[in-house]
Amino acid sequence: MEPLQELNKKEIEQVSGALLANALGAIAGGVGGFYGSIIGGGRSATFSSIAKGTFAGMVVGAISPVRGITSAVTTVGGGVISGGVVSVLDDIEEISEFSY
């Protein structure tokens with residue numbers, strides 16, 4: 001294992017800005033996931049499916065840091081897709097429970 005090294009000023013500046021971009025990505029993804037779960041669930045969207053969709057969007061957004069308007073829109077779009085998928089999967093699970 002290599003010994004620990006102290007970061008220089010330039011490296012510290014590069015690292016400190018990355019956290020903000022990931023936090024903005026998580027927020028944008030969460031917003032997209034929220035709306036995606038509502039769109040995917042329609043009138044039958046439950047609090048649980050909306051919460052799961054929002055969380056899924058936040059996870060997707062956190063790994064997609066926002067670096068400008070275009071990446072923010074892309075991150076929201078990814079959140080919408082992930083929220084919609086979670087909502088549809090919840091509906092499928094609910095339907096399969098009733099069929100037994």
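The values are calculated or read from the model by the stated rules, or taken from the named source; none is laboratory data. Everything numeric in this text was worked out from a predicted model, so none of it was measured. Here Cβ is always computed from backbone atoms with ideal geometry, including for glycine, and neighbour counts include all displayed protein chains. Heads up: the accessible areas ignore ligands, DNA and RNA and are worked out on the full protein's heavy atoms, side chains in. Shrake-Rupley method; radii C 1.70, N 1.55, O 1.52, S 1.80 Å.
Can you find a residue in region 23-45 that is part of a loop (DSSP other than H, G, I, E, B) and either open to solvent by less than 70 Å² (accessible area, probe 1.4 Å) or of a type outside the set (V, I, T) (or both)? Yes, some residue in region 23-45 is part of a loop (DSSP other than H, G, I, E, B) and either open to solvent by less than 70 Å² (accessible area, probe 1.4 Å) or of a type outside the set (V, I, T) (or both).
Residues in region 46-81 that are in contact with an Asp or Glu (Cβ under 8 Å, 6 or more places away or on another chain) and not basic (K, R): T46, S48, S49.
Okay, residues lined up against (1) touching a His at 6+ places or on another chain (Cβ under 6 Å); (2) charged (D, E, K, R); (3) over 27 Å from D90 (Cβ atoms); (4) surrounded by fewer than 19 Cβ atoms within 10 Å (Cβ to Cβ):
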site: P3; (1), (2), (3), (4): no, no, yes, yes
site: N8; (1), (2), (3), (4): no, no, yes, yes
site: E13; (1), (2), (3), (4): no, yes, yes, yes
site: L19; (1), (2), (3), (4): no, no, yes, yes
site: V60; (1), (2), (3), (4): no, no, no, no
site: V66; (1), (2), (3), (4): no, no, yes, no
site: S71; (1), (2), (3), (4): no, no, yes, yes
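If I filter region 55-100 down to residues being part of a loop (DSSP other than H, G, I, E, B) and of a type in the set (S, T, N, Q), which single residue comes out as farthest from G29 (Cα to Cα)? It would help to see each step written out before you state the result.
Step one: list which residues in region 55-100 are part of a loop (DSSP other than H, G, I, E, B), which gives 63-68, 99-100.
Next cut, of a type in the set (S, T, N, Q) only: 64, 99.
On the way: S64: 9, S99: 34 Å.
The qualifying residue farthest from G29 (Cα to Cα) is S99.
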